[in-house]
Amino acid sequence: MTPALAHHLIDDVGAMLLFTMILILGAGQLYRAIYAVAAQSVFIGIAGGVLATATGNSDLWVIAGLTIVIKAVALPWLMLRVIARVGIRREIEPVIPISLTLAIAAAIILLSFYLSASLGTVRQAITGNALPVGIALMLLGVLVMVSRRKAVTQMVGLFASENGIFFTAMAVSQGMPLIIEIGVILDVILGALVMGILMLRVRSSLDEDIADLEQLKG
Amino acid sequence: MIRHLPVLLPLVPVLTGLAMLALRDPRALAAVDVAGSLVILVLTLLLAGTVITSGPVAAGPFRADAVALPFLFLIGFLAVCAAIYTVGWMREELETGKIKLGTVRHYYALFHAFIATMLLTVLADNLGVLWIAMEGTTITSAVLVGLRGHRGSLEAAWKYIIVTTIGISFGLFGTVLVYAAAAHARGDMSGDAMSWAVIAGMSKKLDPGIVRIGFLFVLVGYGTKAGLAPVHMWLPDAHSQAPSPVSALLSGALIKCALFGIIRFHTIARGACGEAFSGRLLVLFGLVSVVVATPLIITQRDFKRLLGYHSVEHVGIVALGLGFGGTVGTFGALLHVINHGVTKALVFLVAGNAIGRYRTQDMHAIRGLLAIAPWTGTFLLMGAFSLAGTPPFSIFVSELYVLRAGLGGGHFVAVAVFLLMTVIIFGGLIHHAGRMAFGSPSASAKAGRDAGSTLGAMALLAAVMVLLGVFLPSGLERVLSRATEVILG
Amino acid sequence: MDGLAPLGVAAARVALLALAAPLVTGIVQKMKATLQSRQGASVVQPYRDLRKLLRKGTVQSDTASAIFRAVPPLVLAATLTAAAMVPVLFLPGAAGGARLPLGDAILLLSLLALARFLLAVGALDAGGAFGGMGASREMTVGVLVEPVLMLVVFSVAAAVGTTELGDIAARRSLAFRAPDLLALFSMMLLLLAETGRIPVDNPDTHLELTMLHEGMLLEHSGPGLGCLVLATHVKQIVIMAFSLAIFFPEGLAQSLAPQAIAIAAGAFCLKIVGLSIFLALVESSYAKLRFFRLPQFLGMGLLCAFMALALRLL
């Protein structure tokens, strides 16, 4: 695979990642957001595969496989089970209206591309548009987390944010060392488990959504 | 064996934790707790001795250099004091039924897992391992925060884990960017590009643009974990809802570990982008933290929340010290890390005793502590004066260093604001502490003597606090000077 | 081609599209019926409806003026002119050296916007409440839809270098890049909005709370209504052909040979049927959105189109 072809493919994957991110931002129903983040993780896996073929670094195959198994299958399945158990389906109106959220998202995407364009030759160290898309995905994930009221959507935002970081990390030269990426995935899993347990505990003992607890103030 | 200490040191609490899972008797658990913490402290001192005389000790992805030493010492010392405190505290908790017998060993095991992750953070040379360890601290401490299981602690644990995980992912992104710069500058690909020692060595050759963006992400990210405003929201909740010994370690050690991460990147940024960039950002964030924390300290009602906001302010002071820069500022910042850690832990342990006695965290309800529990009351007053920055306590000394650095660097506005806030906080703290200590105790307060172990732990901390306020031991001074040199490159 | 020949070609295209348009609506209705397990009306029912309308008399309200009477033919004229510009069977270079007439994308969109505007003015002129409400809603949708259409056109034009529809169709290569997928997604959303179908508007209803397009047609009757209904059909097929020209121009004839034209006609029918299936499926699967949710729905389309353009340029 030539570097130019890899560059093009990464650009395309980046566009699809942004597309799934928009779907997450506009999702009214919780299961749509979960499916969108699962699709996003599949694209990350595809990007890993492309980069693995392009750079010959076989560690990236492992990472791509792990990402698909864990972030595209296992964690979304877990989240779907949590919302089935808890019984919530719809996201209530977020803190800022969706139209404003979409406008902020457009501004963030532009900002990421501008930031990335202002760098010099070091830009070549990162294949394709992985840097601006990574920054955009990360910031948009944070936007989802701060503007949503349901705990599951906040977790979805967290996973989307980490997808962005992964995308950039994989595209740097020949990818980050395997140990680091495995460690990161492990941390993501553990974090998700703890969050899921907390949510279920609150739900079972207090019958509320954990993100709604607002007692501690001031 | 000395050469393998960077690997052995985190291993000790892991083994201790595993051993604890097998025990059931609370007294045996307490004994293992204290023993394990003592071993950590002893090993730390051994390591310190080697590093001072013969330079950094490296083993695999771990590396102990002079900068890590103050943090390691802080973690070890606080672990010992918390372990001693927990002996009496746990007995009290079991008697009043706040902790169930089955949960006790899980608490101890998690506690040591938490300590292990903090040690890993400080000893990591590989920036990726640093990040993984930091996430590990979040996960273990979040479980500890929510361990009690009631509404407030679950809410605090949720906010804590969500906010700090986002924060740390920003830090990861910054790490990736710095790694990209290093890989690009090195040309060839090898795992070395993740090693801090290697990157710091070639920091002048890194592309400044990408390091700038990377440092910004790291500052916001690890700054969230450290409790820098404006991303400090989780801190008062988490530190107030956690069990008191855990709070002591959270405020005393954990936020300092996050600052450690920032310091590592500060060194890199200084080399790549020049001294002004990261310094100015640190001053900005530090000042905002100090200013934001002040009104919330004055108007606070919950004792532990007050202490949480106070930690925000002091983290701001450390950031100011680092930002003002120069030998004086950096030395002062590192000294403040130790001083504040010791003092804050002392006051949290005092709070633990007071809350156990009065069964409430509301400061208006806690009165007459000196009458009922004279030793605890004395330690409360000592701790409050120290936190407010009064001589002859340690915090006064380190704040003085930071002030001198600020004046020397010409940051007159920042210094003026800082002084103003300090004065306001002094008034507020003394008012709160005085009201709690003096007066006649309320009827609902439990009488009786404090557990001896709790007083012993507090005495230990108070002793160090006074010691460091009066003079600086030469060993400590050498460590801090060497660390300052390493940070400034 | 000189003289009146280009005009003749354009007129032939207009006639072809105008004749085929009601059939497309009939196909969509029939498919919806099949999906909903109904028998449904016959595929040629729209023709019968048009014939019925042409024979009926006109009734208009007292407050309506000459504008009201003038609106139906004007709207039909604008829409038919737009129909003259869309490449249906052949590409510009098909007649050897001379260029066959096709239109500019922006002009096409402007003509459709003009038709929408005239319709709204006529509805306001009638002085009824339904007309006013329908007009204001339709214009709101128009404000949301037209910029997105422009962005989609620009994102494609940025790749090709011109907004001339024929050239866009000619130079379009088969390779879909990801920004094109984003623009395609946006276009599919816009197709639903411009053809007035669920989830944007319900074409079958006459309840005042759910009407957008129907509200504006309510006051017209007889041949005037017939013109407007035909205009609606033609607008639908024009938008469909427009999106096909931008995204799927395969099959358009490169030369004027009979077999090339036959292949092109077959390809066009196939693609239109495909789009009809898409419309029928969407109409049967979703419920109509509340009017206040439309900005969010179309906002997603706007963001996708915007990103398609941004990714092309960056």
When the range A:194-205 is checked residue by residue, the ones that are free of Cβ contacts under 8 Å to residues at least 60 places away in the same chain and more than 8 Å from chain B (Cβ to nearest Cβ) are A:I197, A:S204
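Out of the residues in the range A:135-177 that are small (G, A, S), within 7 Å of another protein chain (Cβ to nearest Cβ) and in a helix (DSSP H, G or I), which is nearest to the chain's Cα centre (by Cα)? First the steps, then the outcome.
Within the range A:135-177, the subset small (G, A, S) is A:136, A:141, A:147, A:151, A:157, A:160-161, A:164, A:169, A:171, A:173, A:175.
In the following step, the residues that additionally are within 7 Å of another protein chain (Cβ to nearest Cβ) were identified as A:161, A:169, A:173.
Pick out the ones that are also in a helix (DSSP H, G or I) and you get A:161, A:169.
On the way: A:S161: 4, A:A169: 13 Å.
Within the range A:135-177, the match that is nearest to the chain's Cα centre (by Cα) is A:S161.
So which helices (runs of 4 or more DSSP H) are wholly in the range A:14-123 and hold at least 1 residues that are at pLDDT 85 or above, more than 14 Å from chain C (Cβ to nearest Cβ) and within 30 Å of B:G209 (Cα to Cα)? Step through it out loud before you land on a result.
On the way: elements: A:30-55, A:59-67, A:75-86, A:98-117.
Because the criterion is at least 1 residues that are at pLDDT 85 or above, more than 14 Å from chain C (Cβ to nearest Cβ) and within 30 Å of B:G209 (Cα to Cα), the helices (runs of 4 or more DSSP H) in the range A:14-123 that meet it are A:30-55, A:59-67.
Quick one: which residue in B:G209, B:G201, B:G149, B:G187 is in contact with a Cys (Cβ under 9 Å, 6 or more places away or on another chain), of a type outside the set (D, E, K, R) and free of Cβ contacts under 8 Å to residues at least 40 places away in the same chain?
Numbers: B:G201 fails: in contact with a Cys (Cβ under 9 Å, 6 or more places away or on another chain); B:G149 fails: in contact with a Cys (Cβ under 9 Å, 6 or more places away or on another chain); B:G187 fails: in contact with a Cys (Cβ under 9 Å, 6 or more places away or on another chain).
It is B:G209.
Restricting to helices (runs of 4 or more DSSP H) lying wholly in the range B:98-194: which have 1 or more residues that are over 24 Å from B:F71 (Cβ atoms) and among the hydrophobic types (A, V, I, L, M, F, W, C)?
Numbers: elements: B:101-123, B:127-145, B:151-186.
Ranges flagged: B:101-123, B:151-186.
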With criteria (1) out of contact with any strand residue (DSSP E or B) (no Cβ under 9 Å at 6 or more places or on another chain); (2) not in a helix (DSSP H, G or I), C:S255 comes up short on (1)
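How do the helices (runs of 4 or more DSSP H) wholly within the range B:213-316 filter down when requiring 2 or more residues that are in contact with a Ser or Thr (Cβ under 6 Å, 6 or more places away or on another chain): which remain?
On the way: elements: B:234-241, B:244-249, B:255-273, B:275-298.
Fully inside the range B:213-316 and qualifying: B:234-241, B:255-273.
Does B:G383 count as farther than 26 Å from B:S440 by Cα and under 19 Å from the mean Cα position of the chain (by Cα)? Break it down into steps so the answer makes sense when it comes.
Numbers: farther than 26 Å from B:S440 by Cα: no; under 19 Å from the mean Cα position of the chain (by Cα): yes.
So B:G383 does not fit the description; no.
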Among residues of the range B:298-332 being under 16 Å from B:A238 (Cα atoms) and in contact with a His (Cβ under 6 Å, 6 or more places away or on another chain), the residue farthest from the other protein chains (Cβ to nearest Cβ) is B:V312
Scanning the range C:183-204 for residues that are of a type in the set (D, E), surrounded by 20 or more Cβ atoms within 10 Å (Cβ to Cβ) and over 12 Å from the mean Cα position of the chain (by Cα) gives C:D201
Those residues of the range B:61-92 which are surrounded by fewer than 23 Cβ atoms within 10 Å (Cβ to Cβ) and without any contact (Cβ under 8 Å) to a residue 40 or more places away in the chain amount to none
Going residue by residue through the range A:45-57, is there one that turns out to be of a type in the set (S, T, N, Q), closer than 28 Å to A:L198 by Cβ and crowded, with 17+ Cβ neighbours inside 10 Å?
no
The condition of being closer than 18 Å to B:C273 by Cβ, at the interface with chain A (Cβ under 10 Å from one of its Cβ atoms) and surrounded by 23 or more Cβ atoms within 10 Å (Cβ to Cβ) holds, among B:A180, B:A193, B:A238, B:A157, only for B:A180
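From the list C:K288, C:K271, which residue is of a type outside the set (F, W, Y), more than 8 Å from chain A (Cβ to nearest Cβ) and not in a helix (DSSP H, G or I)?
Details: C:K271 fails: not in a helix (DSSP H, G or I).
From the options C:K288, C:K271, the qualifying one is C:K288.
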Condition set among the hydroxyl-bearing types (S, T, Y) and farther than 21 Å from A:A192 by Cβ, scope the range B:99-120, selection farthest from the chain's Cα centre (by Cα): answer is B:T103
Apart from one, (1) on the phi < 0 side of the Ramachandran plot; (2) touching a Gly at 6+ places or on another chain (Cβ under 6 Å) all hold for B:L249; the odd one out is (2)
Checked B:R435, B:R482 against criteria (crowded, with 16+ Cβ neighbours inside 10 Å and basic (K, R)); the one match is B:R482
The residue from C:L298, C:L311 that alone is within 14 Å of chain A (Cβ to nearest Cβ), out of contact with any Pro (no Cβ under 7 Å at 6 or more places or on another chain) and assigned to a helix (DSSP H, G or I) is C:L298
Out of (1) among the charged types (D, E, K, R); (2) surrounded by fewer than 24 Cβ atoms within 10 Å (Cβ to Cβ); (3) over 27 Å from A:A4 (Cβ atoms), the one A:R123 does not meet is (3)
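Name the residue, out of B:G174, B:G209, that is within 11 Å of chain A (Cβ to nearest Cβ) and in contact with a Ser or Thr (Cβ under 8 Å, 6 or more places away or on another chain).
Working: B:G174 fails: in contact with a Ser or Thr (Cβ under 8 Å, 6 or more places away or on another chain).
Exactly one residue qualifies, and that residue is B:G209.
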Screening C:K52, C:K30 for residues that are buried (at least 18 other Cβ atoms within 10 Å of the Cβ) and part of a helix (DSSP H, G or I) leaves only C:K30
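Is at least one residue of the range B:389-398 outside any helix (DSSP H, G or I) and without any contact (Cβ under 8 Å) to a residue 12 or more places away in the chain? I'd like the intermediate steps shown before the answer.
Keep residues of the range B:389-398 that are outside any helix (DSSP H, G or I), which gives B:389-393.
Filter again for without any contact (Cβ under 8 Å) to a residue 12 or more places away in the chain, leaving none.
No, that holds for no residue.
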If we ask which residues in the range B:52-87 are modelled with pLDDT of 85 or more and assigned to a helix (DSSP H, G or I), their number turns out to be 20
Exercise. Restricting attention to the range B:366-382, does a residue exist that is in contact with a helix residue (DSSP H, G or I) (Cβ under 8 Å, 6 or more places away or on another chain), among the charged types (D, E, K, R) and either crowded, with 24+ Cβ neighbours inside 10 Å or within 14 Å of another protein chain (Cβ to nearest Cβ) (or both)?
Worked result: no
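Looking at the range B:225-243, which of the residues that are among the small types (G, A, S) and farther than 22 Å from B:K98 by Cα is farthest from the chain's Cα centre (by Cα)?
Here is the first cut: in the range B:225-243, the ones among the small types (G, A, S) are B:226-227, B:229, B:238, B:240, B:242.
Then drop every residue that is not farther than 22 Å from B:K98 by Cα, which leaves B:226-227, B:229.
Working: B:A226: 8, B:G227: 10, B:A229: 16 Å.
Checked the range B:225-243; the qualifying residue farthest from the chain's Cα centre (by Cα) is B:A229.
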Of the conditions (1) surrounded by fewer than 19 Cβ atoms within 10 Å (Cβ to Cβ); (2) of a type in the set (D, E); (3) at pLDDT below 90, the single one that C:E138 does not satisfy is (1)
**Report entry** Flag for B:V246 being farther than 24 Å from B:V67 by Cα and among the aliphatic types (A, V, I, L, M)
**Finding:** yes
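Search the range B:421-453 for residues being in a helix (DSSP H, G or I) and farther than 23 Å from B:R305 by Cβ, and hand back the single one that is nearest to the chain's Cα centre (by Cα).
The first filter runs over the range B:421-453 and keeps only residues in a helix (DSSP H, G or I), leaving B:421-437, B:452-453.
With the extra rule that they be farther than 23 Å from B:R305 by Cβ, the set shrinks to B:452-453.
On the way: B:G452: 26, B:S453: 23 Å.
By that ranking, first place goes to B:S453.
The values are calculated or read from the model by the stated rules, or taken from the named source; none is laboratory data. Because the structure is a prediction, the values reported are computed rather than measured. With ideal geometry, Cβ positions are generated from the backbone for all residues, glycine too; neighbour counts draw on all protein chains shown.
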